[in-house]
1. Would you check if Ala243 is surrounded by 19 or more Cβ atoms within 10 Å (Cβ to Cβ), modelled with pLDDT under 95, of a type in the set (A, V, I, L, M, F, W, C) and part of a strand (DSSP E or B)?
2. Can you confirm whether Ile305 is of a type outside the set (Phe, Trp, Tyr), in a strand (DSSP E or B), within 21 Å of Ser205 (Cα to Cα) and out of contact with any helix residue (DSSP H, G or I) (no Cβ under 8 Å at 6 or more places or on another chain)?
3. Tell me which helices (runs of 4 or more DSSP H) are completely within the stretch 433-488 and hold 3 or more residues being of a type in the set (A, V, I, L, M, F, W, C) and closer than 14 Å to Ile500 by Cα, or say none if there are none.
4. In the list Lys116, Lys137, which residue meets the criterion of being at positive phi, of a type in the set (Lys, Arg) and either touching a residue at least 40 places away in the same chain (Cβ under 8 Å) or assigned by TED's automatic domain parsing to the domain that holds Asp27 (or both)?
5. Is at least one residue of the stretch 151-166 surrounded by 20 or more Cβ atoms within 10 Å (Cβ to Cβ) and within 30 Å of Arg181 (Cα to Cα)?
6. Take the residues in the stretch 310-359 that are aromatic (Phe, Trp, Tyr) and surrounded by fewer than 21 Cβ atoms within 10 Å (Cβ to Cβ), then tell me which one is nearest to Gly178 (Cα to Cα).
7. Within the stretch 223-245, track down each residue that is under 12 Å from Leu193 (Cβ atoms) and touching a residue at least 24 places away in the same chain (Cβ under 8 Å).
8. Pairs, please: C-beta under 9 Å, at least 6 apart or cross-chain, first residue of a type in the set (Asp, Glu) and surrounded by 13 or more Cβ atoms within 10 Å (Cβ to Cβ) and in the stretch 495-510, second modelled with pLDDT of 65 or more and part of a strand (DSSP E or B)?
Amino acid sequence: MKRIVIGTAGHIDHGKTSLIKALTGIDCDRLKEEKERGITTELGFAHYRFSDDLIVGIVDVPGHERFVRHMVAGSWGIDVVLLVVAADEGVMPQTKEHIDICTMLGLKKAIVAITKKDLVDEEMVELVKEDIKDFLKDTIFAHAPLIPVSSVNGENIDLLKTVIRDVAMSTEERSRSGIFRLPVDRVFTIKGLGTIITGTCISGSIEVGEEIEVYPLNKRARIRNIQAYHEDSKEAAAGQRVALNLQGIDRQEIERGTIIGRPGTLLPTSRVDASFRYLKLPFKGIKSDTILRFHVATMLEEARIVLLDRDIIEPGDEAYTQFAFRKPVVALPGDRFILRGSYQIQTIGGGVILDIAPRRHKRMSHGLAEDYKVLKNGLVLDKALYHIRKGGHGGMDRGILSVLLGVDHKTVTNIIEELKKTLMIKEINRFVVEIEMFRDYKGLLKRYVIDFHEKNPLKIGISKEELRTRLPRVEPVIFQAALDESIEEHSIRVEHDKVIDTTMASSGQVMDPMEEETLKLLERQGLTPPNLKEFAQEIKKTEKQTRDILERLVHKKKAVKIKGDIYIHSQTIEKLKDTVVDYLKEKGEMAPGDFRELFNISRKYTIPILEYLDEIKLTIRVGDKRVLRSKRSA
């Protein structure tokens, strides 16, 4: 079955709600205040099943200027606009503003219903027709069919239904692929069922039982039931008016303006890049940093407009802009938005969101024009590469890339595969990095290693963790990939967690004179080496230089670091281990006093050496004594 959503537009008291009731039998004014005052103040919803192959959802919007916010919320996600103009009044201020909004939202199809035909004569109907034609002549709706009707006596209602059916059948349905999104336009509770939200599903689909997230509130729930046009359904899909019964969330936790989506598939943002068109209005130009009201989907937030390529935008102009929000919004690239004044509350323009996670641009900079061109008219591969480059050395998580492009995971996988064929990107785990950025990162890695050697000639090399933290911040898998490739290319090597430039001598058994002198001193001192300060005085080096020399000997397995600054010759430690094993095989256990007596050393060295033997799993502490960990250890 084909599903299309129609939304009304038009001035207050032009008969929108009465017309829907005449078409569908459903009264969209559900509030007591609406019935008492005879005007619509909130969104109303109806539907009409034309046949087994077509059902049309209808959104009734308020006509009063005070409720344009609701009108914008209701118009987002509709496929066809039903413009209602009263025969006794003709085109009025809200008629014009509503059509401006529909135009800004990218709607292409309209039907005009001239209501209250029963109140005027035929001559007046013809005058109103001419008025409407003149009003619409420079808009996308210039060729919309005009149908005079009466909701009171039913005249031409069947003809209007036929026209609606014809237009609906010629309208392309929204794709069920893509990221699932349902902007919330109504929230309520039903006793025994709990929280119910309604909205027009604008992309993707979702099924009963799935988990959802309420953006940007970071709340999660599960779908208990779905209804489409008052009938239970297994899924909610693009192009449908639906109600979701949510489990695990209270009515107070959701409000109009939030977005229902799958967890982790949408991205709240505090700024967007966009293309903005200022309507031809008798207003002054808008300066950069002006605060305006920004409508997207069912959201309304205050935003500061930053004009990127000029200081002021005049009515009728279009510009590349960035909007900074006071509170996060949720949108996708390609979404249409409406701008209204902050003080003079009137629609002033709208446009298309281009980037939902932009950089803070330097205004009037050289590259902005090229960025705008790519984001506005570029191919999807160009846009993907733009976002990947924006990620710098760290590239872009493929899940985030999916959101930045506004496509589902399957589509983004195909995009990545195409870019890989062009050798423009490198895929590392779940990340994609521009190949030139990855090469630059490897170059930085090599230079940091060389720089470390130059500044620390006595150190064997830089630790992997220290190197990673000195480089530009990237995910660990990207750092490891750069390290692995550099090793394969023989520009560096890694020994015992130390990264070494390959031009440096192999650590192996090669010893420089200073190392040999230090090792001889260690051999002479046995199990009671001097502290670092005394050691430095002995070999006539600074404490830092002395520690570096000792660490080099540890790296070459010529010395062992026991604890703190206690270093002992490797051969001395091996002899000690043999003696300890023999003692424990004979005695079974060893107290610290036994150890001191056996090796004739003080407590200062006894405890650190015993703890070292525990660490290397030769012994294990039982109470205050040591025993062999196992025969295998021995």
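1. On the way: surrounded by 19 or more Cβ atoms within 10 Å (Cβ to Cβ): yes; modelled with pLDDT under 95: yes; of a type in the set (A, V, I, L, M, F, W, C): yes; part of a strand (DSSP E or B): yes.
Answer is yes for this residue.
2. no
3. 435-455
4. Details: Lys137 fails: at positive phi.
Every option except Lys116 fails the conditions.
5. yes
6. Phe325
7. Matches in the stretch 223-245: Arg224, Asn225, Ala243, Leu244, Asn245.
8. Filtered contacts from the stretch 495-510: Asp501/Ile492; Asp501/Arg493.
The values are calculated or read from the model by the stated rules, or taken from the named source; none is laboratory data. Since this is a predicted model, take the numbers as computed values, not measurements. Cβ sites come from the backbone with ideal geometry, for glycine too, and all protein chains shown count toward neighbours.
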